[in-house]
Each structure stands twice: as C-alpha cells, then as structure tokens.
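J.: First the structure, then my questions, so here it is.
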Amino acid sequence: MRKVLTTLAELVLVLLLVSFGVFLLVALIPGDPAVAILGDGFPPEAYAALRAELGLDRPLLVRYGDWLLGVLSGDLGSSIIPPQTDVLDRILAALPVSLQLAGMGLAMAIVLAVPLAMWSASKPGGVVDRIIGASMFGILSVPAFLIGLLLVLVFVNELGWFPRAQWVRIGADPIGNLHHAFLPALVIALSELALFTRILRNDLVTTLNEDFILAARAKGMHPVRILVGDALRPSSFSVVTLLGISVGRLVGSTVIVEYLFALPGMGTLVVNAANQGDFPMVQGAVLVVATIYVLVNAGIDLSYGYLDPRTRRAHAA
Amino acid sequence: MSRTSSPASRPERGTPLLAVRDLRTVFHTPRGAVRAVDGVDLDLAAGETLGIVGESGSGKSVLGRTVMGLVTSGPTTTITGSVTLDGSDVHALSSRARRQLWGPRIAMVFQDPMTSLNPVKHVGTHLTEPLRLHLGLGRRAAAERAVELLTQVGIPEPARRAGQYPHELSGGMRQRVVIAMALACDPDLLIADEPTTALDVTVQKQILDLLGDLTGRLGMAMVLISHDLGAIAGRTDRVGVMYGGRVVESTATTALFAAPRHPYAEALLASIPQLTDPPHTVLRAIEGSPPDLVAPPQGCRFRPRCPYADQQCHEEDPVLVDLGQPGVPHRAACHHPLPVPARVDA
Ligand SMILES: Nc1ncnc2c1ncn2[C@@H]1O[C@H](COP(=O)(O)OP(=O)(O)OP(=O)(O)O)[C@@H](O)[C@H]1O
Ligand code: SF4
Ligand SMILES: [Mg+2]
C-alpha cells in the first residue's frame, strides 16, 4: 500500500515535469504558427494581431501556467486551424483507435512470443531455436511498412479477405471493427514479436541454468510444467519492461500503419497537426500520449513486486 | 491427472539398492572431451550410507547427477556404463519413467540452498508440488503434509514459514527446506551433494546431523558427497575417494580413517582441520592442482602430486584392487599402496 502511495506521489511529479517538457518542446519547435496560418505576404499588423490572439506575445511561463490550468480543468484548448475544433474532442476520437491498435498488436505479440521463446529456450542451440531465431531476425530486418504493404497487397487487394479503409468504431460494429483492425495490429505485432521473443528466450535460457530448475527437475516435474510454472515468471522482467515501453511508444507512433490502412489514430492526428503548425493540438496530443506512457510504466513498476517477491522488501521497511 | 502411486514399501535393509558399473560421463566441449566421470563402480544396499570425497572438480557432482539420471546422453554428453536402481537401468528408462523415480525412489539435496529454491514460489509450494504429483495428495492434504515435513526437518513455526518466500529464510533454514523437499516422497536413496559447503560452519554440523539422523530413522540409503573427509566421518558406513573422475580408494569409513592405502586419501586425511589446531589455522591444502580432465597425466593421475611416484607410476595406470582382509574389502588404485600400520586401532 505504501508502495502504491509513494508511486502515486512520484507519478504526479513526473506528470508535471512531462507537461512542462511537452509545452516547452512544442514552443521551441522552429516555425511560427502565425506565419503558418497567414501564409505568404501578410501585413505586419495582421501578424501582430494574430500573435496576440493566439497568446503568443506573452512570456513562456505565463503561457505554460495558463495552459496547465486549462489542462487540469479538462480543457486542452482548441485547434488554431479552421474549423477550430476542440483539441480534447479530436483526441478522444483518435485515441481509441491507437489504443486498440497498440493493445491488439501487443497482445498478439505476447501471445505468440511466450510459446516461441519457451520452445526456443527449451533446447538452446537446437534446430527449433535456430529456426525461430533466424525468423525473428528476418522479421526485425524488414521495415514494418514493407511488411504492411505486402499484407495489404496480398490480403486486402488480391484475396480481399480484409476490408479497406472503412474504420468502424468497436461500439458500433465489434466484428467489423476487429476484422478491420486485425491486419494493422498484425503489422505492429510482428516487429514487437521478434523483440519480445529474443529477449524472453535469452532470459529463459539464463533462468533454466539456475539450480532451482535442476531442483524442480529432480522432483520429477514435467519439463513443460517447469518451463511455465518455474522459469517463466523469474524470466519475465525484461520483457515486461519492454512491453511497458512499447505501449507508450506505439500509442503515438503507429503513423505508418495508420497511413497504410487509413486509420484515424493519434499518429495521424499529431503528424497532421505538426505539419499545420497547430500547436495546441500537438501539445494536447503529445501530453496525452506521454501521460499514458508514464501511467503504463508506473503499472509495470508495481508489477515487479509480483514478479519478484524479493523486491517487495525494499519498500516495506 | 494425478498418478496415485502407493508409496511402495522400502526395500528391506541390506538388499542391493544401487549398482553402478563402469560409469563414464563425457562432456564434448570446444576444448575437447571432458571425462568428468571416468569408469566408476559403486554398490549401495538399502539403508546404507556412502560418502564420496574428493577435491573440487573431481567429478563428484557429475557422478551424483549421472546416477540420478539428471545428466543424460545427448548431443554434447556421452554416458556409458550402467546405473541400476532397484532393478531398473536409470539411463535405459524413458524420460517419463525416469521422472517417476525422482522423488519416490531417488532424491537429491543440492549444494547451494541460496539458489536451489525458486525465488518466486512460497516455501510450502516447493513441498506440495512433489506431494501432489507423485502421491496424488489433494491441496489440503499436501499442505498439511508440507507442514509436517517442515517440522520434521526442525523448522520452527512451520505453518508460517510455509507461507513465506525463500529469501525470508536464513541459509540454514533454506537447506532444511531443500532437505524436506527431497524427503517429501520418502525416497529409498538420497543423494546429498555437498549439502553444507555454502553454509556457516556452525550450521554445517546441524545440517549434517539432521541428514544422518533422518536417513537413519527413515531407513533411507544416502550418498553423502563432500570435499571434506571430516564431514563424512562418523556419518557414513563406507566411503569412496574420488580423484580425476575415478574412485581411487573405497572401503569402510572406519578402515579409511584407520589406515588410508592411497597416497591421495592420506593427503586428504592430513588436510582435515583438527580441533586441536589453533583458531584460523590455514587449511593444509594438497599441493599441486587437480588433473586436467581433458588430457589427464599419463600413467597414474595422481603422479604429478604424489610423493611416492616412480617410473612404474609414470608408465602404468593403476587399477582398483582389493587389498583388504577377507570380508573387509579395501580397494585402492595405486602401485605402491601405503602399508597398514602395525597396530590398527579400529
Ligand atoms: N555440463 C558440463 N560441460 C562440461 N564440463 C562440465 C560440465 N559439468 C561439469 N563439467 C566439468 O566436469 C568436472 C567435474 O565437475 P564436478 O562439478 O562434478 O566437480 P565436483 O567434484 O562436484 O567439484 P565441486 O567440489 O567444486 O562441486 C569439472 O572439471 C567441470 O568443469
Ligand atoms: S600409483 Fe604411484 S603415483 Fe599413483 S598414487 Fe600410487 S604411488 Fe602415487
Ligand atoms: Mg560439486
């Protein structure tokens, strides 16, 4: 419980820092949003007026304070590009798509990686291990967009097994939604899969050399049961850590996949907004992504206590 | 799901239990073939205790694990010879049949209690797993039996300890848990591989006494592996001295202490710390280093370190021969066995 409370306190601090970082980063991006809006050949008065209207004439810290107060009351401002839509509304429309893609992709990756890694690790250097290792290396060395492109060509264009460019909300049509999300999620899954499998396989091999595995064997336990029941949990630190990092990374950076499959996710939102100099939109979106990242990793942090009871003591005193 | 194997009654005390014949374990490594066990014969009767003594790297652990069947032939390992336990050839069995031996027939206590328990499993789970697997006990019955086992190995507050994680226990307590784990299915033969090397000196004696006491009380046969002759003195019926993957002397423990016949055994005896030594005496280690198991010395393996070596030792590899009295076998592999002192105080 104590651990949860200190984690929460840390979390608030980190999020505050993150918000400042996000704000600063966007404010320091080269390019003047006013210029972007006005286009070429504008009169200087219009420029000054627009900067004042956007609040850009005030000091940075004041602007940050303003923005932060807004954020805390759930107001992320509105887009500076017409139609000046509400930033939060746009994010709330795009976020579920990204979360679903990342979630499905990672779930598929883990579901495949765990058995593959166990199969590999059960006989290091064996035929299976080498085949799986080589395949994973192969997947890693092909850029995700190529794999995606290939999948689109074959399964969408040629075979027509999957629909093209008609994203449907999961609430509206769950089957259609899953049908549509499967391929893009698979593209995400493949690259993560290779990484997860390698990391987990290596940690499993290390764990399987431990004395307690020999002791478990000496009790007459079945090798598969030892793999699942004794070796997996102590071997899963790195892969769980990696998983946390992946969630955060994927929510904001599935642009290529979103583009390939015409999905209205966060990646598309951020990239478009950045191109248009729509700084409130970029700030809001990046803040949301960063917050998710921080929250997920705090959760991962707490899970270490479950994965290894020895780390619990450090916080109990 | 759970096989219900009636805890088969123990073979009658004194009937042959384990027979090891010309056992060889060779690891194929980039350096060459490591002959970790190189032609070992052992016999053990039900209820008997055998000590295996030798310095680090002499192949004791590999011998123990090969006897148990934990080390098997494979791409990098070749095993020849035979291990017969209770009439069945351990290395000829299917892996499934072999797993059924582990626990109810033969069990092992490992060297380092700090690493032989799974850090993420409760102490109790380590004990209930084999009970449920081999004896088919239900959850409740297994949990109760686990507490009994912990009591049996002298763990205070066993019920509370069962719910703790290994790291919450001291080294000595953990080794008691490992022993309880090995005893869980009441094996006929217990192999204890240096069960005290990793422990404090004060705890060592307690653990050794516990092992001796339990195996004696339960009528269990035991192979007690140690690098320290002192540890097996008074706790084993017979002893085998290992050097470079071989048994170089084997006899009754009392006979070895009374009169070692192999120069290596003599040197080992001389290196036992004496109670009369002043504190912090530096151990009298045997000079020289153990033989390279990839390319052992020509002739007698102990020759480079032996004070009695001569030309014959250089040319001929000595074999184990019985030098004992009728009825009291005393085997040694040496061209110039040490003489038996005139007055043997046995
Ligand atoms: N899997 C393996 N592959 C290659 N060599 C091995 C393997 N296992 C053991 N050996 C070698 O076999 C020899 C005997 O090792 P073993 O562990 O049996 O010695 P030991 O007598 O138990 O020593 P200690 O007292 O240090 O435990 C050593 O030289 C060791 O390096
Ligand atoms: S055979 Fe020779 S070298 Fe070997 S132990 Fe005996 S005396 Fe020493
Ligand atoms: Mg050893």
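J.: Along the three principal axes, how long is the range A:88-316 when you take its alpha carbons, biggest first, rounded to the nearest angstrom?
T.: So the three principal-axis extents are 63, 50, 32 Å.
J.: Using +1 at the C-beta of Lys and Arg and -1 at the C-beta of Asp and Glu, which of A:304, A:138, A:273 has the Cα lying farthest in the positive direction of the dipole of the range A:88-316?
T.: Ranked along the dipole, the leading option is A:304.
J.: Using packing as a proxy for protection, rank B:45-55, B:173-183, A:79-89 so that the peptide with the highest average count of other Cβ atoms within 10 Å comes first.
T.: Going from most to least packed, we get B:173-183, B:45-55, A:79-89.
J.: What does the charge count around residue B:238 come to, taking other residues whose C-beta lies under 12 Å from its C-beta (Lys +1, Arg +1, Asp -1, Glu -1)?
T.: Summing Lys and Arg as +1 and Asp and Glu as -1 gives -2.
J.: So how strong a dipole does the protein assembly as shown carry about its Cα centre when Lys and Arg Cβ are +1 and Asp and Glu Cβ are -1, to the nearest 20 debye?
T.: For this selection, approximately 1280 debye.
J.: Of B:295, B:257, B:30, whose Cα points farthest to the positive end of the dipole of chain B (charges on the beta-carbon: +1 Lys, Arg; -1 Asp, Glu; origin at the Cα centre)?
T.: Final value for the positive-end residue is B:30.
J.: Still on this model: Per residue of B:104-115, what is the mean number of Cβ atoms on other protein chains within 10 angstrom of that residue's Cβ?
T.: Neighbouring Cβ atoms belonging to other protein chains average 3 per residue here.
J.: Suppose R0 equals 56 Å; then what is the FRET efficiency for residue B:56 and residue A:145 from their Cβ-Cβ distance, rounded to the nearest 0.05?
T.: Rounded to the nearest 0.05, the efficiency is 0.50.
J.: Where does the protein assembly as shown land on the Kirkwood hydrodynamic radius, alpha-carbon pairs, in angstrom?
T.: Taking the inverse mean of 1/r over all distinct Cα pairs, the protein assembly as shown comes out at 30.2 Å.
J.: Rank these residues by their accessible area, most exposed first, probe 1.4 Å: A:29, A:139, A:91.
T.: A:29, A:139, A:91
J.: Report, in debye and to the nearest 20, how large the dipole of the range A:195-305 comes out about its Cα centre when Lys and Arg carry +1 and Asp and Glu carry -1 on their Cβ.
T.: The dipole magnitude comes to about 380 debye.
J.: Excluding same-chain pairs closer than 8 in sequence, count the lysine pairs in the protein assembly as shown whose Cα atoms lie under 28 Å apart.
T.: Value for the protein assembly as shown: 9.
J.: With each pseudo-label sitting 7 Å past Cα toward Cβ, what's the residue A:225-residue A:57 distance in nm, one decimal?
T.: 7.8 nm
J.: Magnitude of the Cβ-charge dipole of chain A, K/R +1 and D/E -1, about the Cα centre, nearest 20 debye?
T.: It comes to approximately 1460 debye.
J.: Which of the listed residues, A:282, A:195, A:207, is farthest toward the dipole's positive end in the range A:88-316, when Lys, Arg count +1 and Asp, Glu count -1 at the beta-carbon?
T.: Toward the positive end, the furthest listed residue is A:207.
J.: So for B:98, B:105, B:13, what's the accessible-area order with a 1.4 Å probe, most first?
T.: So the residues, ranked largest to smallest area, are B:13, B:105, B:98.
J.: Quote the accessible area belonging to residue A:219 in square angstrom, nearest 10, computed with a 1.4 Å probe and with ligands, DNA and RNA left uncounted.
T.: 20 Å²
J.: Additional query: In whole Å, what is the distance between the alpha-carbon centres of the range B:38-110 and the range A:111-134?
T.: 29 Å
J.: Could you tell me which of rounded, prolate or oblate describes chain B, using a ≥ b ≥ c as the square roots of the eigenvalues of the alpha-carbon gyration tensor, with rounded for a/c under 1.5 and, failing that, prolate when a/b is larger than b/c and oblate otherwise?
T.: Because a/c hits 1.5 or more and a/b exceeds b/c, chain B counts as prolate.
J.: Calculate the FRET efficiency for residue A:13 and residue B:82 from the Cβ-Cβ distance with a Förster distance of 56 Å, rounded to the nearest 0.05.
T.: E between residue A:13 and residue B:82, to the nearest 0.05, is 0.25.
J.: Keeping all protein chains in position, work out how much accessible area residue A:61 exposes to a 1.4 Å probe, and write it in Å² to the nearest 10.
T.: 120 Å²
The values are calculated or read from the model by the stated rules, or taken from the named source; none is laboratory data. Quick caveat: nothing in here was measured; it's all calculated off a predicted structure. Note: ideal-geometry Cβ built from the backbone for every residue, glycine included; neighbour counts use all protein chains shown. For accessibility, only protein heavy atoms count, side chains too; no ligands or nucleic acids. Shrake-Rupley method; radii C 1.70, N 1.55, O 1.52, S 1.80 Å.
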